[in-house]
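The values are calculated or read from the model by the stated rules, or taken from the named source; none is laboratory data. Treat the numbers as computed from the prediction; the structure is a model and nothing was measured. Cβ placement follows ideal geometry from the backbone for every residue including glycine, while neighbour counts extend to all protein chains displayed. Please note that ligands, DNA and RNA were not included when accessible areas were found on the heavy atoms of the full protein model with its side chains. Shrake-Rupley method; radii C 1.70, N 1.55, O 1.52, S 1.80 Å.
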Amino acid sequence: MVSSSRVAAWLLLLASPPLAATTASSLVDRFDLAVAGMSPTGGPTVVERSRPRRSGADFVVERRLNVKVEFPDSVSGTMYSGLLHGEAAVFTRSVNRLDAAVMREGTIEVTSLDAGSTIGAPDLPSRRSGRSVGPGHFENPAAYSLDIHFLKHDDLADLSIWDVHARYVAWWLADLSNHVLPTEPISVWYSAGVPSLTDMAYGGEGSLHAFERALKALDDDYQFGLERTYKKKYIVLTANAPMPGTAGVAFEGGNEAMASLGGRERIIAHEIGHMLGANHLSAETRGWWGCETNMLSIANKLRHDCLEYTAANQRAIRSYMRHGPDTTAPRKMADAPTAE
Ligand SMILES: [Zn+2]
């Protein structure tokens, strides 16, 4: 028997306007128009809320992030925070696509739209020519803003770099830029297929040191700047555990880390947190069955990820950005959260 509420729902659906207005390209067009109408400072102005929620295309662009994304083949991306269907979302616009990551109860849901051959879109990142595709390439001569380089291991060949960005990185980057380091420009670079880095063997006790050695061996070729600044971070993303018994590992305050995409949502945030001076002791759980902040060292399946750093770890990261690592402390490796 069909309940009356279900009948009501069906009637609502039948009364809805046709979905033609919500095709991918029209949404991308409206997104670009919304972005073009933003104030140059990217202030938190609601600039687009033109559709009723049921249309499937309701979004709000609130703020352009002070973040530059460089995908392979010289494709750039710009990022925005806002809402999609009333839920907190992070948007990444690059040539021919728009990705939205929605944060819900510690999980990330990604909506990807092919922008097709949209032309005349304002403020679009453009494809540039003549650039080296080296993973550590940078163009800013002042260079010492925060640069984070993601190297996608060959064993993640089934996952596109755009999916890696939208699903695993975008939420963290938006939080870092909006709440932790609001005055810092941040650049994120993605590379794949880099010989002796993305094809390295891993899974043993010496994996992080092996990664560091491989980076150093290529430093001249790619100008990684490993010894020049503490603000250039390199992280290999892997399918499996980078070292025995852990989904991630990093040098505390250092420039090298490894993170498995098979772990919790917060693994990348956790390992980069270690590189930026955040620590386990300042992490917290919120409620018995609530959530776990990024730096918590144990992971309980019954709790979800808060998808943020505690106020204490935010301060630790800001302090690190001002002062750099404690160079008198012994060098230490730090692990990812392990199951409780
Ligand atoms: Zn840790």
Query raised in the report: So which of 152/301; 68/233; 301/332; 232/301 end up more than 23 Å apart, counting from Cα to Cα?
Result: 152/301; 301/332; 232/301
Report task. Give the accessible surface of the stretch 246-340 per residue, rounded to a whole number of Å², with probe radius 1.4 Å and ligands, DNA and RNA excluded. Result -> 43 Å²
Report task. Work out, step by step, the length gained on full extension between residue 201 and residue 112: first 0.36 nm times the residue separation, then minus their alpha carbon distance; give nm to one decimal. Result -> 28.9 nm
Query raised in the report: Round to a whole number: what % of the accessible area of the stretch 146-334 belongs to carbon and sulfur, probe 1.4 Å?
Result: 52 percent
Query raised in the report: Leaving out ligands, DNA and RNA but keeping every protein chain, what accessible area does residue 180 have, in Å² rounded to the nearest 10, with a 1.4 Å probe?
Result: 0 Å²
Report task. For the stretch 315-330, just list the computed ³J(HN,Hα) in residue order, Karplus coefficients 6.51, -1.76 and 1.60, θ = phi - 60°, integers in Hz, with x standing in for Gly and Pro. Result -> 5, 4, 5, 5, 5, 4, 5, 7, 10, x, x, 6, 7, 8, 6, x
Report task. Grab the other residues whose beta carbon is less than 11 angstrom from that of residue 290, score K and R as +1, D and E as -1, and report the net. Result -> -2
Query - HN-Hα J in Hz across the stretch 236-248 - Karplus 6.51, -1.76, 1.60, θ = phi - 60°, x for Gly and Pro - result: 8, 9, 10, 7, 10, 4, x, 9, x, x, 9, 7, x
Query raised in the report: Assigning unit charges at the beta carbon (Lys, Arg +1; Asp, Glu -1) and nothing else, what dipole magnitude in debye, to the nearest 20, does the stretch 146-285 show about its Cα centre?
Result: 200 debye
Query - D (Stokes-Einstein, µm²/s), Kirkwood Cα radius, the stretch 193-321, 1.306 mPa s at 10 °C - result: 104 µm²/s
Report summary line: Expected unfolding gain across residue 284-residue 158 under the 0.36 nm per residue rule, minus the alpha-carbon gap, is 41.9 nm
Requested in this report: Calculate, for residue 227 and residue 104, the FRET efficiency according to 1/(1 + (r/R0)^6) with r their C-beta to C-beta distance and R0 45 Å; round to the nearest 0.05.
Outcome: 0.60
